[in-house]
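Asks: Quick one: the structure is below, and I'll ask about it shortly.
The values are calculated or read from the model by the stated rules, or taken from the named source; none is laboratory data. Just so you know, these numbers come straight off a predicted model, no measurement behind them. Positions of Cβ are backbone-derived with ideal geometry, glycine not excepted, and every protein chain shown enters the neighbour counts. Areas reflect the complete protein model, heavy atoms only, side chains present, ligands, DNA and RNA absent. Shrake-Rupley method; radii C 1.70, N 1.55, O 1.52, S 1.80 Å.
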Amino acid sequence: MMTIRALLFASYADALQRDAVDLALPAGATVRDAIERLRALPGGALLPAAPLVAVNQEFARADRELAAGDELAVIPPVAGG
Amino acid sequence: MRTAIVGRAIDAASLGAEAAAPECGAVVTFIGTVRDHNDGRRVSGIEYAAYTAMAERELAAIAREAASRFGTPAVIIEHRVGRLAVGEASIVIVVGHAHRAAAYDASRYVIEQVKRRVPIWKREEYADGTREWVDPTRAAEAVGSETP
């Protein structure tokens with residue numbers, strides 16, 4: 001098992017009522033697996049099935065394999081500028 | 001070239017002075033400000049929040065890309081986070097170049113890229129006291145043209 005930290009922002013943080021979640025995942029787990037775990041949490045149904053994500057501050061795809069200590073950010077539609 | 005996420009008011013004049021140089025014939029400054037309306041509602045303020053570490057990385061990457069594409073090494077971007085009142089500046093982009101065409105093009109490129117990919121969000125506050133995180137993808141579908 002490995003631990004990764006999921007970061008939530010804006011409407012997603014509001015939905016889950018927190019801005020960070022530590023997830024224990026089996027080795028070889030992907031971004032998709034982590035998202036499924038988040039969606040199973042209270043309020044998690046408000047997360048899209050395939051949200052925009054970043055792993056260690058770079059945009060990543062759903063099939064990206066995660067490693068221990070990775071930082072997974074779940075990114076709502078951006079609205080900067 | 002300098003980019004930053006800041007938690008204080010942005011001094012556009014000071015950024016302009018920072019970008020100016022003897023070899024510059026043009027300094028283009030873009031100031032994005034909080035508008036008093038959006039999607040038919042009266043806006044009284046906006047709170048900006050960022051995934052700071054990644055937003056800083058993306059701003060730096062955008063500045064480098066602009067410099068490379070348009071030949072404009074003098075690019076300064078400051079994006080503010082926190083609670084802003086109507087009329088306050090959320091972003092200031094300054095580009096300096098010998099000639100105006102490159103400066104205009106680089107400035108436009110920067111703001112379009114910021115809006116597309118920097119992890120920053122805005123929560124609008126309305127006259128009735130409600131607050132809502134803005135989803136530009138939804139609004140764009142409704143309006144069909146310009147992104148808010």
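Asks: Please report the orientation-averaged projected area of the range B:62-135, defined via the convex hull of its C-alpha atoms, in nm².
Replies: Numbers: hull surface 22.8 nm².
Value for the range B:62-135: 5.7 nm².
Asks: Per residue of B:47-59, count partner chain C-beta atoms within 10 Å of its C-beta, then hand back the mean as an integer.
Replies: Working: counts 1, 3, 6, 4, 11, 0, 6, 9, 3, 1, 3, 6, 1.
Across the residues of B:47-59, the mean count of other-chain Cβ atoms within 10 Å is 4.
Asks: Could I ask something else about it? In nm, to one decimal, how far is the modelled label at B:Arg131 from the one at B:Ala98, with both set 7 Å along Cα→Cβ?
Replies: About 5.0 nm separates the two model spin labels.
Asks: Whenever you get a sec, compute what percent of the accessible area on the range B:1-92 sits on carbon and sulfur atoms (1.4 Å probe).
Replies: Details: 2170 of 4250 Å².
For the range B:1-92, the apolar C and S fraction of the accessible surface comes to 51 percent.
Asks: For the protein assembly as shown, what is the per residue volume of the convex hull drawn over the alpha-carbon atoms, in cubic angstrom? Present the calculation step by step, with values, prior to reporting the outcome.
Replies: On the way: hull volume 29.9 nm³, N = 229.
It is 131 Å³ per residue.
Asks: With only alpha-carbon atoms in the gyration tensor, what are the semi-axes of the equivalent ellipsoid for the range A:1-49, in Å, largest first?
Replies: Values: eigenvalues 71, 25, 13 Å².
Here the semi-axes work out to 19, 11, 8 Å.
Asks: For chain B, report the accessible area per residue in Å² (1.4 Å probe, heavy atoms, rounded to an integer). Don't jump to the answer; show the numbers that get you there.
Replies: On the way: 7250 Å² over 148 residues.
So chain B comes to 49 Å² accessible per residue, rounded to a whole number.
Asks: A further question follows. For the range B:57-70, take each phi angle, set θ = phi - 60°, evaluate the Karplus expression 6.51 cos²θ - 1.76 cosθ + 1.60, and give the result in whole Hz per residue in order, putting x for glycine and proline.
Replies: Here the 3J(HN,Hα) series is 4, 5, 4, 5, 5, 5, 4, 5, 4, 4, 4, 6, 6, 10 Hz.
Asks: May I pose another question? As I understand it, the dipole of the range B:14-148 uses +1 on the Cβ of Lys and Arg and -1 on the Cβ of Asp and Glu, about the Cα centre. Which of B:Ala89, B:Tyr51, B:Ala63 lies farthest toward its positive end?
Replies: The one lying farthest along the dipole's positive direction is B:Ala63.
Asks: Within the set of other residues whose C-beta is less than 15 Å from the C-beta of B:Gly45, count the net charge using Lys and Arg as +1 and Asp and Glu as -1. The partial results should precede the final answer.
Replies: Numbers: positive: B:Arg35, B:Arg41, B:Arg42, B:Arg80, B:Arg83, B:Lys122, B:Arg123, B:Arg131; negative: B:Asp36, B:Glu47, B:Glu88, B:Glu124, B:Glu125, B:Asp128, B:Glu132.
That sum, taken over residues with Cβ under 15 Å, equals +1.
Asks: Something else now. For chain B, modelled as a Gaussian network with Cα springs under 10 Å, which listed residue fluctuates most, B:Gly82, B:Gly40, B:Gly71?
Replies: It is B:Gly40.
Asks: What is the sum of charges around B:Arg123, taking Lys and Arg as +1, Asp and Glu as -1, for the other residues whose C-beta is under 10 Å from the C-beta of B:Arg123? Intermediate values should be presented prior to the final figure.
Replies: Details: positive: B:Arg83, B:Lys122, B:Arg131; negative: A:Asp14, B:Glu47, B:Glu124, B:Glu125, B:Glu132.
Around B:Arg123, the charge tally is -2.
Asks: In nanometres, what is the gap between the two model label sites at B:Arg42 and B:Glu65, each 7 Å from Cα along Cα-to-Cβ?
Replies: About 3.9 nm, to one decimal.
Asks: Please give me the summed charge of the neighbours of B:Val86: other residues whose Cβ is under 15 Å from its Cβ, Lys and Arg +1, Asp and Glu -1.
Replies: Numbers: positive: B:Arg35, B:Arg41, B:Arg42, B:Arg80, B:Arg83, B:Lys122, B:Arg123, B:Arg131; negative: B:Asp36, B:Glu47, B:Glu88, B:Glu124, B:Glu125.
It works out to a net charge of +3.
Asks: Cβ neighbours within 10 Å, averaged per peptide: list A:64-76, B:21-33 in order, most packed at the top. Kindly include the intermediate steps, with their values, before the conclusion.
Replies: Working: A:64-76: 18.4, B:21-33: 14.8.
Descending packing order for the listed peptides: A:64-76, B:21-33.
Asks: Only residues of the range A:26-41 count here: report those whose backbone N is under 19 Å from the spot 7 Å along Cα→Cβ of A:Ala67, or say none.
Replies: Residues A:26-34 fall inside that zone.
Asks: Between B:Gly7, A:Ala40, A:Leu16, whose Cα lies farthest towards the positive end of the dipole of the protein assembly as shown when Lys and Arg beta carbons carry +1 and Asp and Glu beta carbons carry -1, centred on the Cα centre?
Replies: Comparing the listed Cα positions along the dipole, B:Gly7 ranks first.
Asks: Pop out the ³J(HN,Hα) list for the range B:28-38 in order, Karplus 6.51 cos²θ - 1.76 cosθ + 1.60 with θ = phi - 60°, rounded to Hz; leave Gly and Pro as x.
Replies: 9, 10, 10, 10, x, 10, 6, 8, 8, 8, 7
Asks: Roughly how big is chain B's charge dipole about its Cα centre, with Cβ charges of +1 (Lys, Arg) and -1 (Asp, Glu), in debye to the nearest 20?
Replies: 180
Asks: Here's a follow-up. How much accessible area is lost when chains B and A come together, counting both sides, with a 1.4 Å probe, in Å² rounded to the nearest 100? Walk me through the intermediate numbers first.
Replies: Details: alone 8100 and 4840 Å², together 11160 Å².
The buried area between B and A, both sides summed, comes to about 1800 Å².
Asks: With +1 on each Lys and Arg Cβ and -1 on each Asp and Glu Cβ, how big is the dipole of the protein assembly as shown about its Cα centre, in debye rounded to the nearest 20?
Replies: Numbers: 26 positive and 30 negative charges, 25 e Å.
Its charge dipole is roughly 120 debye.
Asks: Using +1 at the C-beta of Lys and Arg and -1 at the C-beta of Asp and Glu, which of B:Ile77, B:Thr130, A:Ala62 has the Cα lying farthest in the positive direction of the dipole of the protein assembly as shown?
Replies: B:Ile77
Asks: Peptide B:36-45: average number of partner chain Cβ atoms within 10 Å per residue? Intermediate results must be reported in sequence, preceding the final value.
Replies: Numbers: counts 0, 0, 0, 0, 0, 0, 0, 0, 0, 0.
The per-residue average across the peptide is 0.
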